[in-house]
Amino acid sequence: MIDISLPQFDFPVLESGWVWLAGAGPGDPGLLSLHALNGLQQADVIVYDALVDERILQLAGNETEIIYAGKRGGKPSPKQSSISIKLVELAKSGRRVLRLKGGDPFVFGRGGEEALALVEAGVPFRIIPGITAGVGGLAYAGIPATHRGVNQAVTFLTGHDQNGVAPDQLDWDALAKGSPVIVMYMAMKHISLITEKLMNGGRSTTEPVAVICNATQQHQQVLETTLGSCADDIAKSGLKPPAIVVVGDVVNLREQLNWIEPALARTSQKEEEPAL
């Protein structure tokens with residue numbers, strides 16, 4: 001356990017039989033909230049997702065049980081119903097449970113489904129929001145989600161539905177015409193189909209696009225491309241999920257606002273400098 005003391009505020013107590021559904025943020029452990037840290041330090045058991053940086057788990061107590069419940073597309077993973085049942089069982093046994101999810105539990109994180117299962121079982125719970133990758137990941141790539149004079153609206157969408165296919169319930173024509181900036185989670189698998197739908201809806205083939213992989217982490221990668229070239233460029237790059245894809249003119253601001261890569265370069269240079 002890493003010794004990080006909470007400030008002397010009146011933080012809530014994680015009581016026996018409760019479940020806290022907490023967002024761990026997009027990756028960088030420094031983006032963890034104080035409420036989430038408080039839960040990590042109190043929990044008897046932590047049930048965590050695949051996108052939670054394992055350095056965050058080092059903030060848990062030495063006696064805390066750590067249970068992996070990651071769900072990754074195309075890989076063997078527990079069913080959502082099984083995870084919800086496990087949370088109920090742990091709480092009913094009198095444990096203090098922290099359900100730790102990447103990003104924000106209520107933004108494409110299935111947190112609502114798990115919370116409803118707890119309600120049905122009569123298990124008390126608390127929601128601890130986290131920084132979602134669609135905001136934090138863009139910021140670490142030097143791309144504002146909104147910028148005055150560029151966009152007055154932004155749309156967040158998922159690139160696949162609960163069955164793993166591209167969502168067909170979305171009005172793609174309306175999205176293409178109505179949202180100046182579109183931020184897509186889990187879109188790489190169906191990016192060719194999605195970009196085709198947006199272009200068919202009227203978006204320009206030359207509209208700027210950024211693909212942000214491993215957002216906010218030291219091995220973050222950013223591919224800048226265009227809507228027309230996006231699918232081919234992703235395939236050629238070899239980039240793999242997890243990734244956020246952003247479409248819109250805010251991507252052009254990265255040329256001036258790309259703060260993280262110079263910072264990482266300075267850090268790397270310091271590590272390579274010989275000791276005097």
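Here the Kirkwood formula puts the hydrodynamic radius of the chain at 20.1 Å, using every distinct Cα pair.
Counting only C-alpha contacts under 8 Å and six or more residues apart, can you give the relative contact order of the chain as a whole percent? It would help to have the intermediate numbers written out before the result.
On the way: 539 pairs, mean separation 50.0, N = 276.
Relative contact order comes out at 18 percent.
Solvent exposure of Ser5, expressed as accessible area, is near 100 Å², computed with a probe of 1.4 Å over the protein chains only. Pairs of Cα atoms in the stretch 157-203 fall into 5 Å distance bins, from 0 up to the last occupied one, in shares of 5, 23, 35, 27, 8, 1 percent.
Summarised in one figure, the compactness ratio Rg/Rh of the stretch 134-260, Cα atoms and Kirkwood Rh, is 0.93. One equal scatterer on each Cα of the stretch 125-195, no solvent, Debye formula: the resulting log10 I(q)/I(0) at q = 0.19, 0.25, 0.27 Å⁻¹ is -0.90, -1.21, -1.26.
On a 0 to 90 degree scale, rounded to 10, what angle separates helix 260-272 from the longest Cα axis of the chain? Approximately 70 degrees, to the nearest ten. Could you give the distance between the Cα centres of the stretch 102-128 and the stretch 192-209, to the whole Å? If we compute the Cα centre of each part, the gap is 34 Å. Of the peptides 211-218, 254-261, the order by per-residue mean of other Cβ atoms within 10 Å, starting with the highest, comes out as 211-218, 254-261.
Estimated from helices alone, the mean residue ellipticity of the chain at 222 nm is -9000 deg cm²/dmol (sum of -39500 (n - 2.57) over DSSP H runs with n ≥ 4, per residue).
For the stretch 10-72, list log₁₀ I(q)/I(0) at each q in 0.13, 0.24 Å⁻¹, using the Debye formula over Cα point scatterers of equal strength and ignoring solvent, two decimals each. For the requested q values the scattering log ratios are -0.31, -1.11.
Distance from the alpha carbon centroid of the stretch 146-182 to that of the stretch 1-60 works out to 31 angstrom.
Taking amide H atoms as placed 1.01 Å from N in the peptide plane, the amide H of Thr216 has no partner under 5 Å among residues 5 or more positions away or on other chains. Selection among Val123, Met186, Val107 by position relative to the dipole of the chain gives Val123 as farthest towards the positive end (Cβ unit charges, Cα centre).
Angle, helix 80-92 long axis vs. longest principal axis of the chain, Cα atoms, 0 to 90°, nearest 10? Tilt of helix 80-92: around 30 degrees.
With Cα atoms as the point set, the radius of gyration and Dmax of the stretch 19-131 evaluate to 12.6, 34 Å. In order along the stretch 184-201, the phi-based Karplus estimate (6.51 cos²θ - 1.76 cosθ + 1.60, θ = phi - 60°) of 3J(HN,Hα) comes to 10, 8, 6, 9, 5, 4, 10, 5, 5, 5, 5, 5, 5, 5, 5, 5, 5, x Hz; Gly and Pro are listed as x.
Here the peptides 189-201, 58-70 are ranked by packing, the mean other Cβ count within 10 Å, and the order with the highest first is 189-201, 58-70.
Estimated from the Cβ-Cβ distance and a Förster radius of 25 angstrom, the FRET efficiency linking Asp249 and Gln217 is about 0.45.
May I ask which of Lys79/Lys240; Lys86/Lys197; Lys79/Lys197 have a Cα-Cα span longer than 32 Å here?
Details: Lys79/Lys240 23 Å; Lys86/Lys197 39 Å; Lys79/Lys197 30 Å.
Over 32 Å apart, Cα to Cα: Lys86/Lys197.
The residue among Ile85, Leu51, Gly202 whose Cα reaches farthest toward the positive pole of the charge dipole of the chain, with charges on the beta-carbon of Lys, Arg, Asp and Glu, is Ile85. How far apart, in nanometres, would the label points at Lys79 and Asp168 be if each is projected 7 angstrom from Cα along the Cα-to-Cβ direction? About 2.4 nm, to one decimal.
The values are calculated or read from the model by the stated rules, or taken from the named source; none is laboratory data. In this text the structure is predicted, and so the values were computed from the model without any measurement. Glycine also receives a Cβ, built like all others from the backbone with ideal geometry; neighbour counts cover every protein chain displayed. Ligands, DNA and RNA are stripped out before the accessible areas are found, and what is left, the full protein with its side chains, is counted by its heavy atoms. Shrake-Rupley method; radii C 1.70, N 1.55, O 1.52, S 1.80 Å.
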